[in-house]
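The next block holds one structure in the form of structure tokens; read it before the comments.
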Amino acid sequence: MTIKKWEHVGEETVLAGKFGKKLLVKQFVNPSTGKTEDYVQFAQCEWSVCLAITDDGQVLVESEFKQGRNGIGDELPAGTAEFNETPEQVMRRELREETGYEANKVIYLGFGWMSTRNSPTRFHCFLAIDCHKVGPAKLDANEDIETRLVSLNEWLDMVTHGAIAEPSAIVATVRALPFLGLRIS
């Protein structure tokens, strides 16, 4: 069996949109049946996420209320692109704004998809090494973030035991392991 690409046809229909996010309907032709089928997708600006490690080996962890999960949870510094920023520019800006830290070295770890069937949105993963405090956090009006430092081992335990539920944080952590001299066993 050969898998065939589905052809996107027609114009997308925007069902709703606000704050750079859109709920869309896109039509694709199923190559097996020849029928045109509707798919509802969620689109937003791309975002960047980083596993930020301080110069003394601690991981910067953020706690924040997120409306989608209706609760407070731990995540990595992350944020969405503004004004044609590159993924690295987004990561550096968000790290500085949310934590007050800057990184001496940044490694791009590739991108992932928000949801391969339901969204065209990608996120970009980074490892930020040798981070140091340069000033206070400068949070947006809709952000209420508490940043704390945890050991790398504690962070890895949080990821592997399910305390971290944000997929881009998990992907960034796993992809950073080889650069940290670690591997999944």
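Here are some notes:
- Selection from segment 44-103 of residues that are in contact with a Cys (Cβ under 9 Å, 6 or more places away or on another chain), touching a residue at least 40 places away in the same chain (Cβ under 8 Å), among the charged types (D, E, K, R) and open to solvent by 30 Å² or more (accessible area, probe 1.4 Å): D55
- So I107, is it of a type outside the set (D, E) and out of contact with any strand residue (DSSP E or B) (no Cβ under 7 Å at 6 or more places or on another chain): no
- Qualifying residues in segment 140-164 (those that are more than 18 Å from the chain's Cα centre (by Cα) and aliphatic (A, V, I, L, M)) - the one least open to solvent (accessible area, probe 1.4 Å): V150
- The requirement of being surrounded by fewer than 12 Cβ atoms within 10 Å (Cβ to Cβ) and closer than 26 Å to N84 by Cα is fulfilled somewhere in segment 19-28, by at least one residue.
- Whichever residue in segment 79-111 is among the hydrophobic types (A, V, I, L, M, F, W, C) and either in contact with a helix residue (DSSP H, G or I) (Cβ under 9 Å, 6 or more places away or on another chain) or modelled with pLDDT under 95 (or both) and, among such residues, is farthest from P178 (Cα to Cα): F83
- G110 falls short on exactly one of the conditions (1) touching a Lys or Arg at 6+ places or on another chain (Cβ under 8 Å); (2) on the phi < 0 side of the Ramachandran plot, and that condition is (2).
The values are calculated or read from the model by the stated rules, or taken from the named source; none is laboratory data. This is a predicted model, so every value here is computed, not measured. Cβ: placed from backbone, ideal geometry, glycine included. Neighbour counts: every protein chain shown. Calculation scope for accessible area: heavy atoms of the full protein, side chains included, ligands and nucleic acids excluded. Shrake-Rupley method; radii C 1.70, N 1.55, O 1.52, S 1.80 Å.
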